[in-house]
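Asks: Once you've had a glance at the structure underneath, I'll fire off some questions.
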Amino acid sequence: MDHTFVSALILLLLVLDPFGSLPIFISVMRNVAPERRARVALRETAIAFGVLLGFMLAGQAFLSLMHLSERSLEVAGGVILLVIAMKMIFATGGELYAGDGKPREPLIFPLAVPLLAGPSAMATVLLLASRQPERLMHWVAALTVAMAVSAVVLIAADRIRKWIGSSMVSAVEKLMGLVLTAIAVEMILAGLKRYFFEG
């Protein structure tokens, strides 16, 4: 399953799921002073971008080091995306990461990792870079745009939730989960096809 810049950008946005992250983000940021929330959101997004960029740039070397094939990575990535998509569709509104009541800012965990740079995002960027390494700059650009969109959504989290309502946020997340399910199944089928019919 080859990607274009636009399809890679859409895939990354679905995997990063900034709208689905709003309830978690708001919960974690509850103990952060309002005037610092935008700065914390930018910092955590930058850390997540650095982590994912590292996985993208070192993807081929990682595969070689671990003696993994692109086919196995494609199937594994599809399975991970499928699990994430199912959670998005059947979410009950529970918060995965709640504040512990202490007045301290989150650093790396849980906003940067694993909320943004989670296993599914790591597998996705690794897969993009390994499948079409000649278009690496396109994937870096797609990742940059996707992270920028995520940063804007997280910075405006309170306003977005008040504007469209919690029920609409949940509906958008389920819709994105449905699309991501189709992408995940396509990745699994493509990996199996390459394994059985292309050697």
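What follows is calculated from the coordinates using simple rules that are stated; it is not laboratory data. All figures in this text were calculated on a predicted structure; none of them were measured in a lab. We place every Cβ from the backbone using ideal geometry, glycine too, and count neighbours over all the protein chains shown.
Asks: Per residue of the range 183-189, in order, report the coupling 6.51 cos²θ - 1.76 cosθ + 1.60 (Karplus, θ = phi - 60°) as ³J(HN,Hα) in whole Hz, putting x for Gly and Pro.
Replies: 5, 4, 4, 4, 5, 5, 5
Asks: Related question: For the residue pair V185 and E134, what label-to-label distance in nm results when each label sits 7 Å from Cα along the Cα-to-beta-carbon direction?
Replies: 3.2 nm
Asks: In whole angstrom, note down how far apart the Cα centers of the range 12-44 and the range 107-179 are.
Replies: If you average the Cα positions of each part, the centres end up 11 Å apart.
Asks: Give the span of the range 143-199's Cα atoms along each principal axis, as three whole-Å numbers ordered largest to smallest.
Replies: Answer, in whole Å and largest first: 52, 26, 8 Å.
Asks: Which order results if T45, T144, T124 are arranged by neighbouring Cβ count within 10 Å, fewest first? Intermediate results must be reported in sequence, preceding the final value.
Replies: Numbers: T45 25, T144 14, T124 28.
Lowest count first: T144, T45, T124.
Asks: Reported to two decimal places, what Rg/Rh ratio describes the chain when computed on Cα atoms with Rh from the Kirkwood expression? Each step should come with its number before you reach the end.
Replies: On the way: Rg = 17.1 Å, Rh = 17.3 Å.
Checking Rg against Rh, the ratio lands at 0.99.
Asks: What list of ³J(HN,Hα) couplings, whole Hz, do you get for the range 57-64 from phi and the Karplus terms 6.51, -1.76, 1.60, once you set θ to phi - 60° and write x for glycine and proline?
Replies: Here the 3J(HN,Hα) series is 6, 9, x, 5, 5, 5, 4, 5 Hz.
Asks: Same structure again: Could you work out [θ]222 nm for the chain from helices alone, using -39500 (n - 2.57) per DSSP H run of at least four and dividing by all its residues? Round to the nearest 500 deg cm²/dmol.
Replies: Working: 9 runs with 141 residues, N = 199.
Computed mean residue ellipticity for the chain: -23500 deg cm²/dmol.
Asks: Want the number for S7 to S166: 0.36 nm per residue separation, take away the alpha-carbon distance, what's left?
Replies: Details: separation 159, 0.36 × 159 = 57.24 nm, distance 2.78 nm.
My answer for the length gained is 54.5 nm.
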